[in-house]
Amino acid sequence: MNARLALVTGASSGIGAALARVYASHGYDLALTARRGDRLHALADEVRLRYGVDSLVIPADLSLVEAPEQILAAVEANGREVDALVNNAGYGLPGSYAATRWEDQRALLQVLVTAPCELAHKVLPGMIERRFGRIVNVASLAGLAPGAPGHTLYGPAKALIVRFSQALHLETQGTGVQVSALCPGFTYSEFHDVAGTRAQVSDSTPTWLWLGADEVAQAGYEAAEANRPICVTGAPNKAVAALAKLIPDEWGMALLASQSGRYRKL
Ligand SMILES: NC(=O)c1ccc[n+]([C@@H]2O[C@H](COP(=O)([O-])OP(=O)(O)OC[C@H]3O[C@@H](n4cnc5c(N)ncnc54)[C@H](OP(=O)(O)O)[C@@H]3O)[C@@H](O)[C@H]2O)c1
């Protein structure tokens, strides 16, 4: 019998690669997707040696509308079904909204929102039928806070992923499917290099605010196993999330207006 299969998006680096390793360590075979196929092949070799699990490597660009369908077709063509879905691929798009291109904002929404929602929509019926499934949607602490200038749609997109995860979590109670939103704060990965804000962010944030991708990934795996709808990683981030619920949005917005220039490009 085949092992269970975890489909991990954005598995070529950071939190996604770490989540792939965690699922592999629990005996899952992997379907690894991202644009950089060479990274995915290297990870597939690594987890085969370390954990004895098989991986499908499916290079894809999730900003393309057809990508989710093509990824799932590749899984199916290999005679496999998705038992765990890790919607992790993501990036930031720094800059003020008016100064960015709509094509780039549309691609961001496709990667952060539409693709994960579509993948979940397409794998969920099979999970429910087999009475087993795990969905980890990687959101962000930014999705629990008011909108911030400089990454205009990022926070709102992650807020949608949080609310989507909560709704799906409730809909799947008693089906064997467990859905969690993972909300990391600052995490060591390539995220801030891709956004071009690495130096700015490193200079303005204390190291105690940062977590390693492995720690974040382990927390996400455990949240889904425990069927917790939301997982905020790390004590300081939990405090920020609690505070964001307590204080009026206006106060949060004033705080973001005064502080966000320290780690965002406008
Ligand atoms: N790091 C943080 O501080 C932080 C905090 C909160 C939330 N997050 C969230 O955590 C998730 C993972 O980010 P990370 O921190 O691990 O960053 P990362 O190291 O830059 O990894 C991002 C992953 O997403 C993939 N990706 C980006 N655009 C893609 C596209 N168009 N098509 C397919 N794959 C794409 C990248 O692969 P390719 O480039 O190979 O395609 C890469 O594997 C994201 O959703 C991010 O929003 C990160």
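The values are calculated or read from the model by the stated rules, or taken from the named source; none is laboratory data. Since the model is a prediction, treat every value here as computed from it, not as a measurement. FYI the Cβ positions are ideal-geometry reconstructions off the backbone, even for glycines, and counts take in every protein chain you see. The accessibility values were calculated without ligands, DNA or RNA, using every heavy atom of the protein model including side chains. Shrake-Rupley method; radii C 1.70, N 1.55, O 1.52, S 1.80 Å.
Relative to one another, the C-alpha centroids of segment 191-244 and segment 50-110 are positioned 21 Å apart. Work out, in µm²/s and without decimals, the Stokes-Einstein translational diffusion coefficient of segment 152-266 at 20 °C, 1.002 mPa s, Rh from Kirkwood over C-alpha pairs. So the translational diffusion coefficient is about 136 µm²/s. Computed from Cα atoms, the angle from the helix 235-246 axis to the main principal axis of the chain rounds to 70 degrees. For Thr187, the residues 5 or more places off, or on other chains, whose built amide H falls under 5 Å of its own are Leu211.
Solvent-free Debye calculation, one equal scatterer per alpha-carbon of segment 28-150: log10 I(q)/I(0) at 0.09, 0.11, 0.18 Å⁻¹ equals -0.30, -0.45, -1.05. DSSP finds beta bridges in the chain, and of those with both partners inside it, around 0 percent are antiparallel. Relative to the dominant Cα principal axis of the chain, helix 115-130 is inclined by about 40°. When nucleic acids and ligands are ignored and a 1.4 Å probe is applied, Ile230 ends up with an accessible area of around 50 Å². Between helix 37-51 and the chain there is an angle of about 60 degrees, using the helix long axis and the longest principal axis of the Cα atoms. Placing one equal scatterer on every Cα of the chain and applying the Debye formula, the log10 ratio I(q)/I(0) at q = 0.09, 0.10, 0.16, 0.17 Å⁻¹ is -0.38, -0.47, -1.23, -1.39. GNM remark for the chain: springs join alpha carbons under 10 Å apart, and the peak mean-square fluctuation among Glu215, Glu103, Glu81 falls on Glu103.
For the chain, the 222 nm mean residue ellipticity estimated from helices alone, with every DSSP H stretch of n ≥ 4 adding -39500 (n - 2.57) and the total spread over all residues, rounds to -15000 deg cm²/dmol.
Highest mobility in the GNM of the chain, judged by mean-square fluctuation with C-alpha springs under 10 Å and restricted to Ala18, Ala107, Ala89, is found for Ala107.
Computed from phi, the 3J(HN,Hα) profile of segment 72-87 under the Karplus parametrisation 6.51, -1.76, 1.60 (θ = phi - 60°) reads 5, 5, 5, 4, 5, 4, 8, x, 10, 10, 8, 9, 9, 10, 10, 8 Hz, with x in place of Gly and Pro.
Looking at the chain, the accessible area is 47 square angstrom per residue; that uses a 1.4 Å probe and ignores ligands, DNA and RNA.
Other residues whose C-beta falls under 10 angstrom from the C-beta of Pro59 contribute a net charge of +1, scoring Lys and Arg +1 and Asp and Glu -1. Carbon and sulfur: what percent of the chain's accessible surface (1.4 Å probe)? C and S fraction of accessible area: 57 percent.
Estimated translational diffusion coefficient (Stokes-Einstein, Kirkwood radius over Cα pairs, 20 °C, 1.002 mPa s) of segment 83-161: 158 µm² per second.
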